[in-house]
């Protein structure tokens, strides 16, 4: 008898996995977003260098926008800190029972780092 794996989006969102589930989802989405960013960056560079294309220049203009930079830094820093948490829990399996506490520690590490990024990017964006 096969397993029925047809789960609707609403049912999936009602899942009570809490912090670990949302960290897993955000880790996957941030990794995917970074792949798209690097791919777009390579394409923009290629178009600009080889053809002097306006498309490449337009993509680079988007990358230079401070709002885009804040979103990108959020994704990269979250991905790095969450990945470090996963590595630590993989290396010391006895800590797995403290996974929720590790997620709180992850956020307590992430917030000051991202706060510093906010200060630097906003200071530059506001002409300071």
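Express in nm, to one decimal, how much length is gained between residue 10 and residue 113 on full extension, taking 0.36 nm for each residue of separation and deducting their alpha carbon distance.
Result for the pair: 33.7 nm of gain on full extension.
Rounded, prolate or oblate: pick one for the stretch 34-88, where a ≥ b ≥ c are the square roots of the eigenvalues of its C-alpha gyration tensor, a/c under 1.5 means rounded, and failing that, prolate if a/b is larger than b/c, else oblate.
Because a/c hits 1.5 or more and a/b fails to exceed b/c, the stretch 34-88 counts as oblate.
Would you mind calculating the gained length between residue 87 and residue 68 on full extension (0.36 nm times residue separation, minus the Cα-Cα distance), in nm to one decimal?
4.0 nm
How would 79, 41 line up from fewest to most surrounding beta-carbon atoms within 10 angstrom?
Going from least to most buried by this count: 41, 79.
Looking at the stretch 68-128 from every direction and averaging, what is the projected area of its Cα convex hull in nm²?
Here the figure is 4.1 nm², rounded to one decimal.
Taking the number of other C-beta atoms within 10 Å as the exposure measure, put 30, 53, 8 in order starting with the fewest.
The fewest-first ordering by Cβ neighbours comes to 8, 53, 30.
On the principal axes of its Cα set, how long, how wide and how thick is the chain? Give whole Å, largest value first.
If we take the Cα atoms of the chain, the spans are 57, 44, 30 Å.
Hey, what number do you get for the chain at 222 nm if only DSSP H runs of n ≥ 4 count, each worth -39500 (n - 2.57), divided across all residues, to the nearest 500?
The per-residue figure over the chain is -27500 deg cm²/dmol.
Read-outs: derived from the displayed coordinates by stated rules, not from any lab. Since the structure is predicted, the reported quantities are computational estimates derived from the model, not experimental observations. All Cβ positions, glycine included, derive from the backbone under ideal geometry; neighbour counts span all protein chains shown.
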